[in-house]
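Participant: Quick one: the structure is below, questions incoming.
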Amino acid sequence: MQMDRRKFLKTGSATLANFAIIPLIKGGSPLPASFHRNVLYGNSETLSALYHGFISPPDEARSSCYWWWFNGLINKKGITRDLEEFRAKGMGSVFLVNSAGGLGGVQMPQGVRFLSPEWRELYRYALQEASRLNLKVGVNLCSGWCMGGPWIKPENAGRWYLQSSLEVKGPMTFSGELPLPGNRVGYDHVFNPPGFKDYIDLPLEELDYRDTSIVAFPVEPGESPMMGEELLAQLPAKANRKDASNFIKAKELMESTLVDWNAKEAANPVPLSKVIDLTGRVSGGHLEWDVPAGNWIIVRTGHRMTGSRLMIANPEADGLSVGWLESSGLELQFDHLGKVLIEEAGHLAGKTMTYFADDSFEDGFPNWTDHIVHFFQKYRGYDPTPYLPVLSGYVIGSLDISDRFLHDYRKTVADCMADNHYKRFAELCHENGLQVQNESAGPSRSGTMCMDGLKNLGRSDYPTGEFWLGIRHEGGQNKVTKMVASATHIYGKKYASAEAFTTYRHWLDSPETLKPATDRAFCEGINRMLIHTSTATRPEDGKPGYEYGAGTHFNPNVTWWDFSSGFLSYIGRCQHLLQSGMFVADLLYYNGDWAPNIVEPKHVDPSLGEGYDYDVCNEEVLLTRLSVKNKKLMLPDGMSYHVLVLPDTDRMPVAVARKIRELVERGATVVGPPPSRDPGLMNFPHSDREV
C-alpha cells in the first residue's frame, strides 16, 4: 500500500521517535528514501543496519574538521594529542590545511618551514598517528588557498582579456605598432581579489601581456557601431567583467546577464561579412596591412595575468594562483606539491591520506585563456574571432547576434573552469588512488566568476560548500548548501559536504549555538560536516593557544571540549541516516543553460506550497542523465522526481528542446513556458526555427 508522503510525515512520528530523529522531519524535511520505504514496508535487514549505524555511526558518518597547521607551529606531542582527542570524542577524519598566520589574528611565531625536511617528518608522523587511530586525512593542495605557488608562472596564472582600438582611413599601407590596451581597461571596479592592490596597476610589461586576435571592420562616416548608453551600462555583466560583491544574490547575478536585448536594435551594426581577421598579419604588435578605401576600426584583443595570489600562504609556498580555465597550472601544482605529498605518505596514500582538496574558490574573476579560441570552437562549434569586438561594445551582425555571442562566451568560460580545472583535478587524483574534494561554487567569489556551480561541484567526489553562523543568510537559509545538496543528488554522489560554523565570534559559541545551524544545514541537504575550524596546538603553548582569525574555535583548549562528544555523536547519527539511501524530492527544477549559473538558497515556490522539496539540475545533467520510467523522471543512481519545472524564459538550446520533447513523449510531466528561440549562435538562425 502506498502512503502519501505528507500523511506519512504526520502519522509516522511514533515509529520515527524510536530513532530519535523527529527534529529532522519537522517542517516537511524529507528522510532518505530507503529509510522512508523500509519503515513503511518493514525491511528488517535495512532497518537493522540503520539502527546499528545510528547507535554507533560508521567512520564515514562521523564528524570531520579543518585541521590548520599555522606557520608550521606544530610538534609530535601536539599532533598526537589532537588526533587522540579527535578520535576519543567520536570524529572520523581531519582535513589538513597549511598556511601562514591566521587571517586577522595576532602574529604567530615561526615553526617549521612548509615542505622542509622537518615539516615532511611531521607530516609523515601525523599520517602514521592517524592510521594508528583509524582516522582518515584529506590535504589541501596548496598553502593557504585557493591553488597556486611559486612554481606557477605568469603564463600559467589567471588571465583577464583587454582590448584597444585604432581608427585608420584607406586606401593606404599601414605599417606600424598597434596601440596596447590599458593595463586595467574595463576593470575599474575591481575591489578585492587576493592581493589586488599589489598588481592591479602594474605596467603592462610586467603582466605578461599576450595577443589573441586583431580584426578590422569598416564604418560609414558619421555612424557609430557602438551600443547605446543603456546597453553599455549592462555590458560589464554580459561581457563577464563585473566584479560583484560576495553578497550578491544568485537570482540578481543571473538576471543581470539575461536582460533581453532581442527587442532593441542598434542603428549601425557591423555586417559580419565585413569583419576582417588581421591576426596573421601581426607580429609582436606590428601590423602590415594594405587598408582598403574607407574608414576602418582595428580592434586588438589580448590578455594579461590577473596577478592574483594565494591567501595567507606560507612565504616559502606563496605565489600566483593557477589559471582556472586551463589545466597547465593545475598540472604544475600536482607535479610540484601533489606528488611530494603522495610520496611522503608512502603506503598510507589512498588508505589514510584519502583525498586532495581545492579549498574555497576565492580568486577574483579570471575570464580568459591563451587558448580561448580553441575552447570556443570545441564547446560552441564556431570561431569567435570576428565577434570579439562585442566585448568592448561594438555591435557585430545585430544586437541579437551580439547578445548570443556574449551568451556563448560566458558559457565557454564556465565549461573551461568545470572541465580544465575541476574535472582534470579529479582525473589526477583518481590516477593516483585518491579522491577529490572541491569547494568550487562559493559563496565567496561565485558572484564574480562566470561559473556553472552545479557542474563544478559535480566534478568532485565530495561536493563542498560552506555556511556561517549568524550571517550570510537569505530568507533564513544558507547561501550555497542547497546547491551543494542538489549537485550531490543529480551527479550521483553520496556526500554533500560543508565547511561548517565559520564565524568571527571568537569563543562565544558552543553546541548550544551550533546545533540550530547544524539542523538548518541538515534540512538543506548537507550530510557531511567539516567543522571549521580546529587549530593544531602544541601543549606548551598553553590555553587558549594560538588561534585562527575565522571559524568556531574547536580543539582540546576550548572550555567545553570535554563535553563535546554528545554533540559530535548527534552529528554522526544524523549524518549516518542522511547518507543512507536516496533523497526524497517531488520536483526537479531546471536552472537553465546560461552562465553564470548559481542555485538560489533553499526556498519553496509560493505556487507549490509547503511540505514539498526539490532538487535543481543544470543542462549537462538534463541532457546526459535524465530519463523517464513509469512516468517519473529518473536519474541513473535511483533519484526520481514527479515533475520537471522549466525556467521562466523563452530561450532554450535546440538540444535541450529535443530532450524535453523526448521526456514528454515518454510520459514525463513538464511545467513551464514554451521556448521559441535558441540563446546561442551555433547553427543560427536554423536553430531558432527548430526550437
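The values are calculated or read from the model by the stated rules, or taken from the named source; none is laboratory data. Just so we're clear, the structure is a prediction, and the values are computed from it rather than from any experiment. Cβ: placed from backbone, ideal geometry, glycine included. Neighbour counts: every protein chain shown. Areas reflect the complete protein model, heavy atoms only, side chains present, ligands, DNA and RNA absent. Shrake-Rupley method; radii C 1.70, N 1.55, O 1.52, S 1.80 Å.
Participant: Considering only the stretch 277-312, how many residues are in a loop (DSSP other than H, G, I, E, B) and either under 20 Å from W368 (Cα atoms) or open to solvent by 10 Å² or more (accessible area, probe 1.4 Å) (or both)? Steps first, answer last, please.
Facilitator: Going residue by residue through the stretch 277-312, those that are in a loop (DSSP other than H, G, I, E, B) are 278, 284-285, 306-308, 310, 312.
In the following step, the residues that additionally are either under 20 Å from W368 (Cα atoms) or open to solvent by 10 Å² or more (accessible area, probe 1.4 Å) (or both) were identified as 284-285, 306-308, 310, 312.
Residues in the stretch 277-312 being in a loop (DSSP other than H, G, I, E, B) and either under 20 Å from W368 (Cα atoms) or open to solvent by 10 Å² or more (accessible area, probe 1.4 Å) (or both): 7 in total.
Participant: Anything in the stretch 346-382 that is in a helix (DSSP H, G or I), open to solvent by 10 Å² or more (accessible area, probe 1.4 Å) and in contact (Cβ under 8 Å) with a residue 12 or more places away in the chain? List them, or say none.
Facilitator: G346, L348, V373, F375, Y379, R380 - these are the residues of the stretch 346-382 that are in a helix (DSSP H, G or I), open to solvent by 10 Å² or more (accessible area, probe 1.4 Å) and in contact (Cβ under 8 Å) with a residue 12 or more places away in the chain.
Participant: Filter the stretch 254-283 down to the residues that are out of contact with any Ser or Thr (no Cβ under 8 Å at 6 or more places or on another chain) and under 20 Å from W594 (Cα atoms), then identify the one that is modelled with the lowest pLDDT.
Facilitator: The extreme case among them is A263.
Participant: Here is a follow-up. Residue under question is G611, and the condition is that it be over 30 Å from D400 (Cβ atoms), of a type outside the set (D, E) and touching a helix residue (DSSP H, G or I) at 6+ places or on another chain (Cβ under 8 Å); does it hold?
Facilitator: Taking the combined requirement at face value, the residue satisfies it.
Participant: Residue by residue through the stretch 562-583, note down the ones that are assigned to a loop (DSSP other than H, G, I, E, B) and open to solvent by 20 Å² or more (accessible area, probe 1.4 Å).
Facilitator: S580, G581, M582, F583
Participant: How about the stretch 200-238: which of its residues are touching a strand residue (DSSP E or B) at 6+ places or on another chain (Cβ under 8 Å) and over 19 Å from V299 (Cα atoms)?
Facilitator: L207, D208
Participant: When you scan the stretch 529-539, do you find a residue that is open to solvent by 10 Å² or more (accessible area, probe 1.4 Å), more than 24 Å from S440 (Cβ to Cβ) and either in a helix (DSSP H, G or I) or without any contact (Cβ under 8 Å) to a residue 24 or more places away in the chain (or both), even just one?
Facilitator: The answer is yes; a qualifying residue exists.
Participant: In addition: Please indicate, with yes or no, whether at least one residue in the stretch 595-613 is without any contact (Cβ under 8 Å) to a residue 60 or more places away in the chain, small (G, A, S), over 30 Å from R520 (Cα atoms) and surrounded by fewer than 21 Cβ atoms within 10 Å (Cβ to Cβ).
Facilitator: no
Participant: Another question, if that's okay. Going by what's in this entry, would A237 be described as surrounded by fewer than 17 Cβ atoms within 10 Å (Cβ to Cβ), of a type in the set (G, A, S), under 29 Å from the mean Cα position of the chain (by Cα) and under 26 Å from I372 (Cα atoms)?
Facilitator: The answer is no for A237.
Participant: If I ask for residues that are open to solvent by 40 Å² or more (accessible area, probe 1.4 Å) and more than 13 Å from Y491 (Cβ to Cβ), which ones from the stretch 620-633 would you list? Show your work before the answer.
Facilitator: First, pick out the residues of the stretch 620-633 that are open to solvent by 40 Å² or more (accessible area, probe 1.4 Å): 620, 623-625, 627, 629-632.
Matches in the stretch 620-633: L623, S627, K629, N630, K631, K632.
Participant: If you check L202 against the conditions, is it under 26 Å from K242 (Cα atoms), in contact (Cβ under 8 Å) with a residue 12 or more places away in the chain and exposed (fewer than 15 other Cβ atoms within 10 Å of the Cβ)?
Facilitator: Here the answer is yes, as L202 does meet what is asked.
Participant: For the subset of the stretch 65-114 comprising residues that are free of Cβ contacts under 8 Å to residues at least 60 places away in the same chain, in contact with an Asp or Glu (Cβ under 7 Å, 6 or more places away or on another chain) and in a helix (DSSP H, G or I), which member is most open to solvent (accessible area, probe 1.4 Å)?
Facilitator: Here the answer is T80.
Participant: Among residues belonging to the stretch 397-441 that are touching a helix residue (DSSP H, G or I) at 6+ places or on another chain (Cβ under 7 Å) and part of a loop (DSSP other than H, G, I, E, B), point out the one that is surrounded by the fewest Cβ atoms within 10 Å (Cβ to Cβ).
Facilitator: Among them, the one singled out is N432.
Participant: Please pick out the residue among V215, V168, V219 that is touching a helix residue (DSSP H, G or I) at 6+ places or on another chain (Cβ under 8 Å) and over 30 Å from L310 (Cβ atoms).
Facilitator: The conditions single out V215.
Participant: Considering each residue of the stretch 651-667, count those that are out of contact with any Lys or Arg (no Cβ under 7 Å at 6 or more places or on another chain) and open to solvent by less than 70 Å² (accessible area, probe 1.4 Å), and give that number.
Facilitator: The total comes to 9.
Participant: Report yes if E343 is under 28 Å from N183 (Cα atoms) and open to solvent by 60 Å² or more (accessible area, probe 1.4 Å), otherwise no. First the steps, then the outcome.
Facilitator: Details: under 28 Å from N183 (Cα atoms): no; open to solvent by 60 Å² or more (accessible area, probe 1.4 Å): yes.
Spelling it out, it is not the case that E343 is under 28 Å from N183 (Cα atoms) and open to solvent by 60 Å² or more (accessible area, probe 1.4 Å).
Participant: Report yes if S224 is of a type in the set (S, T, Y) and modelled with pLDDT under 90, otherwise no. Steps first, answer last, please.
Facilitator: Numbers: of a type in the set (S, T, Y): yes; modelled with pLDDT under 90: no.
No.
Participant: Then there is this: Given the structure, is G572 modelled with pLDDT of 95 or more and under 21 Å from the mean Cα position of the chain (by Cα)?
Facilitator: no
Participant: Scan the stretch 306-323 residue by residue and report those that are within 25 Å of L180 (Cβ to Cβ), in contact with a helix residue (DSSP H, G or I) (Cβ under 6 Å, 6 or more places away or on another chain) and either among the charged types (D, E, K, R) or at pLDDT 95 or above (or both).
Facilitator: The answer is G323, and nothing else.
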